[in-house]
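These notes are about the structure you will find just below.
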Amino acid sequence: MSKTDRWATFDCYGTLIDWNGGIRRELARVFGEERADQQLERYHDVEPALQADGSRSYRAVMTEAMRELGASGEDAGGLAESLPSWEPFPEVRSALEEARARGWKLAILSNTDRDFIEASMATLGVPFELAIVASEIGSYKPGHRHWERFFEETGALRERHVHVAQSHFHDVVPATELGLRTVWINRLGERLDPSPTRELRDLTPLADTLDELVP
């Protein structure tokens, strides 16, 4: 690949695919609509601890998280089974297509498994040059290994790269630690430090923002 290539890397779930929506639907199915929001908050606390040592597949993380929330039997595995059906946010496909049309190469850096990310990329319907997944590198973000592997595989120049993500904890913080440009897709209207290079509410102005950061 050329040293002049411009690269945008993305987190997938929460940034491109509606992660909270997908999880909440399954939590409502298992625990009831009245408990779904509370259980979603608990899920956000449980999942990172299960990912910490990098030894579990994401399917195993999701299943164990459901058990910790109180699911049993077949219900514990239902969240993982539902993931391939999760839908993109409405503006995502057109935003990615516009970035590609302007010459950006796209990659996904995801805390997931290969079968899940392949299913989600098919749903997105936009080509990506590569996807790096946690279960194949033995590390979950906010660890740095996703970015290290990305630069190893592509030879991309850091000054011609931008990382785009919704999760401040998993993505903006570690990318900032690595000295990388970040675009925070702040769908939840949070106020957190460190500040990203740019902040957007959704991906609608993504192509213009990328072009501004790497002309």
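The values are calculated or read from the model by the stated rules, or taken from the named source; none is laboratory data. Predicted, not measured: the structure shown is a model, and the values here were computed from it. Quick reminder, even Gly has a Cβ in these numbers, built from the backbone with ideal geometry, and neighbours come from all protein chains shown. Please note that ligands, DNA and RNA were not included when accessible areas were found on the heavy atoms of the full protein model with its side chains. Shrake-Rupley method; radii C 1.70, N 1.55, O 1.52, S 1.80 Å.
The slack in the chain from GLU177 to GLU74, taken as 0.36 nm per residue of separation less the alpha-carbon distance, amounts to 33.1 nm. Looking at region 104-215 only, what percent of DSSP beta bridges run antiparallel? Nearest 5 please. Counting DSSP beta bridges with both partners in region 104-215, the antiparallel share is about 0 percent. If each DSSP helix of 4+ residues adds -39,500 (n - 2.57) and the sum is divided by the residues in the chain, what number results at 222 nm, nearest 500 deg cm²/dmol? About -14000 deg cm²/dmol.
The rule of thumb for compact globular proteins, 2.2 N^0.38 Å, goes into the C-alpha radius of gyration of the chain 1.00 times. Once the cut-off is 17 Å, how many percent of the Cα-Cα pairs in region 98-140 end up in the long-distance tail? Considering region 98-140, 34 percent of its Cα-Cα pairs are separated by more than 17 Å. Shape of region 151-198 from its Cα gyration tensor (a ≥ b ≥ c, root eigenvalues): rounded if a/c is under 1.5, otherwise prolate when a/b > b/c, or oblate? It comes out prolate by the Cα gyration axes. For the chain, the antiparallel share of DSSP beta bridges with both residues in that region comes to about 5%. With all protein chains present, how much of the accessible area of region 158-215 (probe radius 1.4 Å) comes from carbon and sulfur, to the nearest whole percent? Answer for region 158-215 is 49 percent, counting heavy atoms of protein chains only.
If the segment from LEU192 to GLU64 were pulled out straight at 0.36 nm per residue, it would be longer than the present Cα-Cα gap by 43.2 nm. In Å², and per residue, what accessible area does the chain have when probed at 1.4 Å with the other protein chains present? I get 43 Å² per residue for this part. For region 175-215, the alpha carbon convex hull comes to 61 Å³ per residue, rounded to a whole number.
Spin-label model, SER2/ARG29: points 7 Å from Cα along the beta carbon direction are separated by 4.6 nm. A straight chain from ALA52 to GLU81 at 0.36 nm per residue would run longer than the Cα-Cα distance by 8.2 nm.
With N as its number of residues, region 41-125 has a Cα radius of gyration that, divided by 2.2 N^0.38 Å, comes to 1.30.
Protection proxy ranking, highest mean first, for peptides 77-84, 134-141: 134-141, 77-84, where packing is the per-residue count of other beta-carbon atoms within 10 Å, averaged.
On region 8-136, 45 percent of the accessible area sits on carbon and sulfur atoms, based on a 1.4 Å probe.
Overall form of region 132-215: oblate. Here a/c, set by the Cα gyration tensor axes a ≥ b ≥ c, is 1.5 or more, and a/b is not larger than b/c.
Across region 65-112, Cα-Cα distances exceeding 16 Å account for 62% of all pairs. Built from the Cα atoms of region 69-190, the convex hull projects on average onto 8.9 nm², one quarter of its surface area.
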